[in-house]
Structures are given as C-alpha cells and as structure tokens.
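Engineer: There's a structure below that I have some questions on.
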Amino acid sequence: MAGTAITGTPPLLQAEVRHDGRLLAPWALLTTLLASSSMLYPLIFPTDEDRSAFAAAVGSNPAMAIIFGPAFDLSTTDGFAAWRSLALGGLIAALGVIFAVTRATRAQEDSGQAELLASGVMGRAARLMAAVWMCLVFAIVLGLVTGLVTVAFGGGWNATMLLAATMTATAWMFTGVAAVTAQLGSDARTANSLAVATLGVLFIARGVTYALDAPDWVIWINPLGWMTETKPAVDDDWWPLLAAVALTVALLVVAFVLQARREFGAGAIAPRPGPARGRDRSTWRLALRLNRGPMLSWTIAFIALGLVFGYLATSVTDILGGDAALQQMLAAGAVTDAELVSAFLVTILSLVGIIASIPGVQTMLKVRAEELDDRLEPIIVTATARPRYYASNVLIALGAPAVYMLVAGTLMAALAGAADVGVTFGDVLLQAAATVPAVWTVVALSVAVVGARPHVALAAWAGVLVSFALTILGPTFNLWDWVLAISPYWHVPNVTSADADWWGLVWISLVTLFFLMVGFAGFRRRDLATQ
Amino acid sequence: MGEIDAVIRVEGLTKSYGRFQALKGVDLVVERGQVHGFLGPNGAGKSTTIRVLLGLLRGDGGTATVLGMDPWHDVVDLHRRIAYVPGDVSLWPGMTGGEAIDLLGSLRGGLDEARRAELIERFELDPTKRGRQYSKGNRQKVAIVAALASDVELLILDEPTSGLDPLMENVFQEVVGEAKARGASVLLSSHIMTEVESLADRLSIIRQGEIVQTGTLADLQQGSRTTIHATFARPVPDAALAELSDIHVDGLRMTATVDASRVGDAMAQLTPFGITALTVEPPSLESLFLRLYEPDADERAS
C-alpha cells in the first residue's frame, strides 16, 4: 500500500525541479553571499585591536545578539563567519524551503493544477513526496555550494562545512514543518503563515535566550538553538545536527499521516456557511477585509516584539555589566548608561521598522495578486475610480505598519520607562514614531512598483532587502556613510541626543511622496493585467 | 441613412500587445434597446474589444464611444450606467456569494433589492457559500445576479453562460429578455448558437482582429446556402441539378445545397422527378459560423 501511495513520484519530481528550480536558486545564492562575504573580515577589521573593538561594540548591543545570535569568537575570520551567517543563513534556507513545499502542495491544490495531476497515474502521497524530496536535496545543494564557495574564498574546511551544514539541517527541519503546515491550513496562504510564524517565533526566541543568558535547557528546547550550539570555529560540534535529522524524520512522518487522512483540497479547518448579505460595501471595506487576517496576526507579532524588546531594554545595563572594556568606558564617563540604552533602542526600533515594512509590502503585492486573479476587474468596471481603489490599499499599506510601530513602541516605552535605565516613556515612543517615516519610504517603493512596473513585482521587496542589508548588516562591513545613507533608517535621528537632525526625515519623506506619485500615476494609466 | 441612436460606437479601433496586433481596426455599432451578438473564434479579439469598452485597456488607435462617453477618461460616470459579466468569474475565496453581490452592487451605486432576491431564487443560487466553494457555473451565477440586479442602460456580457447547465441557460435567456424589455441594451459575446439566435437583434463577427460581417441574422444568411435532402421516384438527370452544388447522390437519395434566393427555382426543376421525401434546411447560424470562421472566409466576406 505504501508503494502505491507514492506511485508517480519520480516524473513529478522531475517536473517540479524544472518548474521550481529557478525559484529555489536565489535562496542558495543568498546564503552563499552571506557566508562567503564574511571572508572579507581581514580587510575590514585587519588588526586585533580593530577586532576587539568590534567585539566590544557587538557585545554592547543586545539587538545584535537577537539577529545574529551570540558571538563566541570574533578574533578569527571563521568565528566571524559563523557569528554572522549561522542564524541568518538558517533563516534564509528555511524560508526558501517553506515557500517551495507550500508551492508544490497547497498552492497547486488552490490553483487546480493538482487536480489534473491527481487524476493521472499517481499515488495520493506522491505530490507531498516529490515536494519533500526536492527540498531535502535542495538543502544539501545549498549547504555544499555555500560551504565550498566559502572555503574557496579562504574559509577553514571544518568550521565552514559545519556552518554550511547547519543551514542544510535548518532547511531540513523546516521542510518537515512546512510539510505539516501544508496539511493543516486549507489554503496556501494559511499554510505559509503557519510555517513562517513557527520559524519567526523560534528565531526570536533563540536570540532572546542568548541575549539574556538564559539557562541551558531553554536553549536546548529550541531546535534553532541546536544549530547555534554546534559553535563552528569554536567547538566544532557536529552531533547536534543528528537531533535535527531526527526531528525532520518525525515531522515528515506526522505530515504523511495527516496527508493520508485528509481529503483533497481540505484542511484541518472546514469552511462553514457565511452570511447571505454583505456589509462591506466600499473599496475601503474590501481592502480592510482582505487584509484582516494578516493584520490580526501581525498585531499579535508586534505586541510580542514590543514585550520582548522592551524587557531587553530594561536589562541592557545588566547584560553589559560583564563586559570589562565597557565597564572602563562607563567608569571614565566616556559613555553613560542612558546613551547605551538609547543606542540600543535606535537599533532595535530600526529592526522593528524593517519588520513592520514587510506587511506593508505584502498588502501592495496583494493588490497585484488580486489583479492577476481577475478580482480587480469586476471592481474597476463598477463606478469605482482606479485611484480610489489604489488609495484604499495604500492607506492600509502605510497605516498598518505605523500602528504596529506604535504598538511595539508603546510597550517598549512602558517597560523601559518604568525600569529607571535613563530613558523616559516619551523618549522611546518618540523614537518609535520617528522611525515610521523610514518605514513609509520602504513601503512607498512597493506602491511605485505595483502601480507603475507590476511585471517586476518582486522589486517591491527591494526596499526591505536594502534597508536590512545596509542598516543591520552594513555596520559589520564597516561601510561608508554615503552607502549606509541609502537606507532610509540611517536618517532616523536619535531623539535623545541633543543635536538630533530632524531634516533627514523630511528628505526621506520627499522620496516617499515621489514614490507614491509614481505609483498612483502608473496605476491610473496602465492597462490592467489580462490573461 | 439617418443618425442612429448608438450606445456603443467603435471606429477603426486598434490595440497591440508588443508586436502582436490583437485588434486591427474594429468597427462596431450597437443600437439602443437592442441585443447585439458579438461572435468570433477564440483569440479573435472579442475580449480585448470588450476590455477597451470597459476602460480596462486603452486602445492604441481609432475611437470608441460608450453611451456617448470615452471609456478611458469618463470611467466612473460611464460605469454607473453599465454592468459587466466576464466569462471567467473569479471570486474572493473567503467571501460569500451574497456578500460579493452586495459589494459589487454597492460599488455600482446600489441594486434593486426585489430583483436581487428574485434572481437568486430563479438561478437557484446559495448565497451563503464562500467563493472557494462555488463551482464554475455557480461563480458565474454570482456575477450574473450582481450585474442584472442593478438598473443599468447597457449590459456587456462576455461569454456569460459558458459554465451554466441548460436549465440555467434558459433562465439566463429569459432574464436578458426582461432586461431588454426594460429598455437596456446588451452586447453579448457567446459561442452558444441558440442563445445568440434567440436573443440577438443584430450580429457582428470578428476574426483576427477585424469585423468580417455585421447585420441582422437574416442579412447574414443572405449569402449563405440552404441544404436540401430529397428522395425521388425516378433518377434525376444532371441537367436538372444545374442550380445545386455540393451534390451527393446515393441511388434515388440526394443531398445538395442551393443559394437561399434560388430555392424556388431548384424545386421547380426537381419536382418532375417525383419527390417522395423532402427536407429543406435554411442556413443555420452554426453553418454560418463555420463558414465565416474558416481562414479562407476573407474573400467571400468582402
């Protein structure tokens, strides 16, 4: 029986690889770039003094630990590579396979493609099997390419290959997670959201546990913690990877059992009859309704982020207490606690801002998806002007991230303000508000892309990627200011500093305005998508 | 001829996608109060023309006027007065059919509550199901109800019944007939012969981006041929078959075609040979289509 369930897997796998291979390649490219670019470390930080100063800077900003995980050893190039690429490389690899698994399973059922396949000579489990195999093999390829290229640029063999293997292992585990969520959600979007949310929670949890020096067991209950505990270039432990393989197998077993039990096209949650009459009677209500689900999830996510980062802010000084170099600087009056805390807050709020721009871009890409699915056409042929339709969506794309920023900001402000660490409630909230214009610039780019150049809709993500690369990764490259200034977050002033320059916000808002005008003009003038 | 009251007037409309020329100078006139059939093979440019009329696409050249307005510039005012049913209806997966009807109706400026209820009843539509649960035919019913429940001057229907069963197809024809009786004009693109035959006052046939024929059904049948099946008592000599063509003789049975205007003459020549059985088929719309859709139809059409 098990034999017939997967009949037809090989030809399906072949078709899948041909169809999806191109979409997977960029993820491997990203991890390779991330790891191999770390080999520039000797150029950026040539001397031991440079490196220990850099280590002190990293150590003094827990925001960095949340994103990159703990820095075990920044004195060597391999240690730097491990610190900078392990957490993010795993994140990238995991996202790649999550989307691939969902694309090859749930998304096909949504589009009806799978129905054609299911009626052919094919076992019930063949589609899931093909998707899983593709991703497992892809994860190995990703690890090999990342590892070998990095070694070619000068990485140490053992440390580099272990680092690359953690990315493969993370991708394996999330192939398993996505295989399970594809059975739970009854459409592709739900399946993706469940898997990405799992990844996000584990990722932030790992960062926070290391930043707070939490007890060992907290690290070990998090599968992503196993990856960090391999400590490439320091301990070079390979055995935690075995746990990842075991978890992958367990998740896949669960996925196949769930898959065998459910009916075609159905999920764990069955749809019920809805209202016969509608209350949503404007484009604004429609846009709100289409974004309702994601808005709820993101609000919860930002409440969580606000609490976590707010708590972290209150303990910044404790965390830094162990750092000898920093203690000297504090004692000498070179820096104050309040300065450290506010530097931390600027960085972490930039990160929160970058995350907040993601739902904004998603809202704009949803407009494009609606157009491609022929659901924009019936709206436009009513007495609805195009700018009005676009404006309803742009309002949500800009408004929701601003609200998320203020939600997270208020929670951080409440926690940090109450903890007597040298910043007030008003400072933190004002800092969060000052970050909002930068978020808008990034989202406005997607408004311009979807309005004027929808064929390259992926370019809508450019703002998010560039601001992340420059604002979060940029400092680890010691980049020049004029390069860093490309990211709108660079222009966000530190509101507690006496010489805060507010003009930066004016400039980036002019850019925002320009993007919005391009987007509206484009959407008004262009042909709508036809099949 | 005097100025006719046209709801749609298209002259020399062109539209290209890159190097592919989808419309090569379309001329189309739809008179007020009429149902105008818009026919043509797949990919001939029907939907492209309709999308230009709806202001979804912008024509490259020529002019298009709908209800006296420019469909690209006067979008909002124009759309208040027209309703559209596409052939491929896509609904919001999580929204019920009833909600979609109300949303689209409100965006058009309100709908007739009594007619909404009546149409849902007649089309046997369950408005509490969600978009993703509907079959193709049911999605189409949602779009039809949404369009026909509002009081509009012009209905633009692009293969509106391609997923409906024959019973619902009948209901659809009744409903469009009622809309016409209320004074609405209709542009109806369709592949269903009976639908066009029973509803359309005039027809336009488009092929490869150009209108090749336009007129009433009778006009279009003018140049086409009637089919005669006959059985004779005695063999018919070749001389008596002069008016006929496409002749197939099988013993005493014969099938042939004759120019529609010469049926009488042909009968006069055949009667002396003792006709024992006879059927005369006027040119059907179907044979007309087949003739006009054929790639070599150009010469005959022009």
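FYI, it's all coordinate maths here, none of it is from the lab. No experiment lies behind these values; they were computed from the predicted model shown. Quick reminder, even Gly has a Cβ in these numbers, built from the backbone with ideal geometry, and neighbours come from all protein chains shown.
Engineer: Using only the Cα atoms of the range A:285-531, construct the convex hull and provide its projected area averaged over every direction, in square nanometres to one decimal.
Structural biologist: So the Cα hull casts an average projection of 14.4 nm².
Engineer: Now for a separate question. Residues with beta-carbon under 15 Å from that of A:Ala434, excluding A:Ala434: net charge, scoring Lys, Arg +1 and Asp, Glu -1?
Structural biologist: Neighbourhood net charge equals -3.
Engineer: Under the Karplus relation 6.51 cos²θ - 1.76 cosθ + 1.60, θ = phi - 60°, what is the ordered set of whole-Hz ³J(HN,Hα) values for the range B:155-172, x standing for Gly and Pro?
Structural biologist: For the range B:155-172, the Karplus curve yields 9, 10, 10, 9, 6, x, 10, 4, x, 8, 7, x, 5, 5, 4, 5, 4, 4 Hz.
Engineer: Under the rule a/c < 1.5 gives rounded, and otherwise a/b versus b/c splits prolate from oblate, where does the protein assembly as shown land using the Cα gyration tensor?
Structural biologist: Judged from the Cα gyration tensor, the protein assembly as shown comes out prolate (a/c at least 1.5, a/b above b/c).
Engineer: Another question, then. From the square roots a ≥ b ≥ c of the eigenvalues of the alpha-carbon gyration tensor of the range A:97-230, which class results: rounded (a/c under 1.5), prolate (a/b over b/c), or oblate?
Structural biologist: oblate
Engineer: Turning to a different aspect of this structure: Taking neighbour counts of Cβ atoms within 10 Å as a proxy for exposure, in what order, fewest first, do A:Val447, B:Val85 appear?
Structural biologist: With the fewest neighbours first, A:Val447, B:Val85 line up as B:Val85, A:Val447.
Engineer: Just tell me how shielded A:371-379 is by partners: mean number of partner chain Cβ atoms within 10 Å of each residue's Cβ, no decimals.
Structural biologist: Per residue, the average neighbour count from other chains is 5.
Engineer: Going highest first, how would you order B:200-206, A:39-45 by mean Cβ packing within 10 Å?
Structural biologist: Ranked from most to least packed, the peptides come out as B:200-206, A:39-45.
Engineer: Residue by residue through the range B:200-217, what is 3J(HN,Hα) from phi via Karplus (6.51 cos²θ - 1.76 cosθ + 1.60, θ = phi - 60°)? Round to whole Hz and write x for glycine and proline.
Structural biologist: Result, ordered by residue: 7, 7, 9, 10, 10, 10, 10, 9, 6, x, 9, 7, 9, 8, 8, x, 6, 4 Hz.
Engineer: Tally Lys and Arg at +1 and Asp and Glu at -1 over the other residues with C-beta under 13 Å from the C-beta of A:Thr9: what net charge comes out?
Structural biologist: Cβ neighbours under 13 Å give a net charge of +1.
Engineer: Calculate, axis by axis, the spread of Cα positions in the range A:3-93 along the three principal axes, and write the results as whole Å, longest axis first.
Structural biologist: Principal-axis extents of the range A:3-93 (Cα, largest first): 62, 25, 19 Å.
Engineer: For chain A, calculate the relative contact order in percent as a whole number, restricting contacts to Cα pairs under 8 Å that are 6 or more residues apart.
Structural biologist: Once normalised by length, the contact order is 14 percent.
Engineer: Given points 7 Å out from each Cα along the Cα-Cβ axis, report the A:Ala521 to B:Thr255 separation in nanometres with one decimal.
Structural biologist: About 6.5 nm, to one decimal.
Engineer: If you don't mind, there's one more thing I want to ask. Say we join alpha carbon atoms closer than 10 Å with springs in a Gaussian network model of chain B; which of B:Arg130, B:Arg19, B:Arg81 then has the biggest fluctuation?
Structural biologist: Result for chain B, Cα springs under 10 Å: B:Arg19 fluctuates most.
Engineer: Jot down the per residue volume, in cubic angstrom and as a whole number, of the convex hull over the alpha-carbon atoms of the range B:225-282.
Structural biologist: 65 Å³
Engineer: Charges only on Cβ, +1 for Lys and Arg, -1 for Asp and Glu: so what's the dipole of the range B:225-282 about the Cα centre, in debye to the nearest 20?
Structural biologist: 140 debye
Engineer: Using a simple charge model, +1 on the beta-carbon of Lys and Arg, -1 on the beta-carbon of Asp and Glu, nothing else, what dipole does the protein assembly as shown show about its Cα centre, in debye to the nearest 20?
Structural biologist: In total the dipole reaches around 700 debye.
Engineer: Also, quick follow-up: Work out, step by step, the length gained on full extension between B:Leu217 and B:Gln269: first 0.36 nm times the residue separation, then minus their alpha carbon distance; give nm to one decimal.
Structural biologist: Contour length minus Cα-Cα distance gives 15.9 nm.
Engineer: Can I ask one more? Per the helix-only calculation at 222 nm, which mean residue ellipticity applies to the protein assembly as shown, given -39500 (n - 2.57) for every DSSP H run of n ≥ 4 and division by its residues, nearest 500 deg cm²/dmol?
Structural biologist: Value at 222 nm, helices only: -18500 deg cm²/dmol.
Engineer: Across peptide A:274-287, what mean number of C-beta atoms from other chains lies inside 10 Å of a residue's C-beta?
Structural biologist: Across the residues of A:274-287, the mean count of other-chain Cβ atoms within 10 Å is 6.
Engineer: I've got another one for you. Percent relative contact order of the range A:160-291, based on C-alpha pairs within less than 8 angstrom and at least six residues apart?
Structural biologist: 35 percent
Engineer: Over the Cα atoms, compute the radius of gyration (one decimal) and Dmax (the largest Cα-Cα distance, rounded to a whole number) for the range B:28-77, in Å.
Structural biologist: Every Cα atom of the range B:28-77 included, Rg and Dmax give 11.5, 32 Å.
Engineer: Most exposed first by the Cβ proxy, i.e. fewest other Cβ within 10 Å, how do A:Glu16, B:Glu99, B:Glu210 rank?
Structural biologist: Ascending number of Cβ neighbours within 10 Å: B:Glu210, A:Glu16, B:Glu99.
Engineer: If amide H atoms are built 1.01 Å from N in the plane of the peptide, which residues on other chains or at least 5 residues away come under 5 Å of the amide H of B:Gly25?
Structural biologist: B:Leu13, B:Thr14, B:Lys15
Engineer: Which residue fluctuates most in the GNM of chain B (Cα springs below 10 Å): B:Glu169, B:Glu124, B:Glu31?
Structural biologist: Of the options given, B:Glu124 has the highest mean-square fluctuation.
Engineer: With the cut-off at 35 Å, report for chain B the share of all Cα pairs above it, as a whole percent.
Structural biologist: That fraction is 31 percent.
Engineer: Give me a comma-separated list of calculated 3J(HN,Hα) values for the range B:126-136, in order, Karplus coefficients 6.51, -1.76, 1.60 applied at θ = phi - 60°, integers in Hz, x for any Gly or Pro.
Structural biologist: With the stated coefficients, the range B:126-136 comes to 8, x, 9, 7, 8, x, 6, 8, 6, 7, 4 Hz.
Engineer: For B:40-51, what's the mean count of beta carbons from other chains sitting within 10 Å of each residue's beta carbon?
Structural biologist: 1
Engineer: Also: Hey, could you grab the Kirkwood Rh for the range A:1-261? Inverse mean 1/r over distinct alpha carbon pairs, Å, one decimal.
Structural biologist: Taking every pair of different Cα atoms in the range A:1-261, averaging 1/r and inverting gives 19.0 Å.
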